[in-house]
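Each remark here refers to the structure printed beneath this line.
Rule-based calculations on the coordinates, nothing more; no lab input. Here the structure is a predicted model, which means the values were calculated and not measured. Please note: Cβ atoms are built from the backbone with ideal geometry, for glycine as well, and neighbour counts cover all protein chains shown.
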Amino acid sequence: MLDLVNLRSDHMIAYITCPEDWAGQSLGEIDVRNRFKVSILAIYRDDDIIMDLQASSRLMAKDSLLVLGHKDNVEKVENLD
């Protein structure tokens, strides 16, 4: 995990690797905000940055994610693998 921005002492924006269990699923299927209390701001895929995210946006195994949330929640997502 690369901690890009500390918003407050307990919140952050970080760049993480897509958890293996999420590959092939849409953001809506994963229900990221409700289940993990983080928001995905962008998906980095190959040389592309996808920022117009929808519930139907699918994650792929080698994606990297820009996430926003409480440090503890971001770390939980990072450790799902």
**OP:** Under a 10 Å cutoff between Cα atoms, tell me which one of Ala55, Ala14, Ala42 has the largest fluctuation in the Gaussian network model of the chain.
**Re:** Ala55
Original post:
Per the helix-only calculation at 222 nm, which mean residue ellipticity applies to the chain, given -39500 (n - 2.57) for every DSSP H run of n ≥ 4 and division by its residues, nearest 500 deg cm²/dmol?
Top reply: -4500 deg cm²/dmol
Original post:
Which trypsin sites (Lys or Arg not before Pro) in the chain pass both tests, a DSSP loop state and at most 14 other beta-carbon atoms within 10 Å?
Top reply: Lys37, Lys62
Original post:
Which aspartates and glutamates, on any chain, are close to Lys76 with Cα under 19 Å apart, when same-chain ones fewer than 8 places away are left out?
Top reply: Asp3, Asp10, Glu20, Asp21, Glu29, Asp31, Asp63
Subject >> Percent breakdown of C-alpha pair distances by 10 Å bin, ordered from the shortest bin, for the chain >> reply: 19, 59, 21, 1
Original post:
Suppose every K and R has +1 on its Cβ and every D and E has -1 on its Cβ; what is the size of the dipole of the chain about the Cα centre, in Debye to the nearest 20?
Top reply: 280 debye
Original post:
In sequence order, what are the phi-derived ³J(HN,Hα) couplings for the stretch 37-45 according to the Karplus relation 6.51 cos²θ - 1.76 cosθ + 1.60 with θ = phi - 60°, rounded to whole Hz, with x for glycine and proline?
Top reply: 6, 10, 10, 8, 8, 7, 10, 9, 10
Subject >> Stretch gain in nm, segment Lys76-Ser26, where the contour uses 0.36 nm per residue and the Cα spacing is subtracted >> reply: 16.1 nm
